[in-house]
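Structure first, commentary second.
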Amino acid sequence: MTSPAYDPNNIFAKILKGEIPSYRIYEDEHTVAFMDVMPQAPGHTLVLPKSASRNLLDADPTVLPHLITTVQKVAVAIQEAFEADGVYIAQFNEPAAGQTVFHLHFHIIPRHEGIALKPHSGKMEDGAVLAENAKKIIEALS
Ligand code: AMP
């Protein structure tokens, strides 16, 4: 089966263009990271390439080294910022696999022993909490 074409009006494309606000924690030439507004745990962050692709399946392979480098950088900062026992990294391709926003992104979620994740795309977090968690990660990155 072939995937549908990239929709340039998806919500992450709008965030990348600055049309919708985000709690941004990192940006470089190729990638951006911001807080997930419906976190599955405090510190849940998304890492995206700036270039357009629906998911990993149609991504330009030359972008992937930049993307995974940012994923690693942000994961290390998140582990430190949240004193995490582990870090969960996930990436979904197409609705059947759980994808709900169609611009390639990785989820980075700090994990603590014995604490379950909240549901995917569950409850919207308070803005002040997201801002505070973003600050912690930015500090760990610097
Ligand atoms: P996925 O199912 O992998 O496509 O995940 C999309 C993620 O985007 C979910 O975890 C949502 O909570 C999150 N999300 C949706 N809208 C926004 C937004 N405006 N800003 C940040 N995260 C969002």
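The values are calculated or read from the model by the stated rules, or taken from the named source; none is laboratory data. The structure displayed is predicted, hence computed values, not measured ones. Positions of Cβ are backbone-derived with ideal geometry, glycine not excepted, and every protein chain shown enters the neighbour counts.
Some notes on this structure:
- Contact map, segment 13-28: residues that are without any contact (Cβ under 8 Å) to a residue 40 or more places away in the chain paired with residues that are in a loop (DSSP other than H, G, I, E, B), Cβ distance under 7 Å, separation 6+ or inter-chain. Pairs shown: 14/20; 15/22.
- Filter result for residue 123 (in contact (Cβ under 8 Å) with a residue 60 or more places away in the chain, over 12 Å from the mean Cα position of the chain (by Cα), under 28 Å from residue 6 (Cα atoms) and within 15 Å of the ligand (Cβ to nearest atom)): yes
- Test result for residue 75, away from the ligand (no atom under 14 Å from the Cβ), buried (at least 17 other Cβ atoms within 10 Å of the Cβ), under 16 Å from the mean Cα position of the chain (by Cα) and hydrophobic (A, V, I, L, M, F, W, C): yes
- Residue within segment 69-79 that is free of Cβ contacts under 8 Å to residues at least 12 places away in the same chain and farther than 26 Å from residue 139 by Cα present: no
- For segment 23-71, the set of residues classified as part of a loop (DSSP other than H, G, I, E, B), within 11 Å of the ligand (Cβ to nearest atom) and either among the polar types (S, T, N, Q) or at pLDDT below 95 (or both) consists of 40, 55, listed by residue number.
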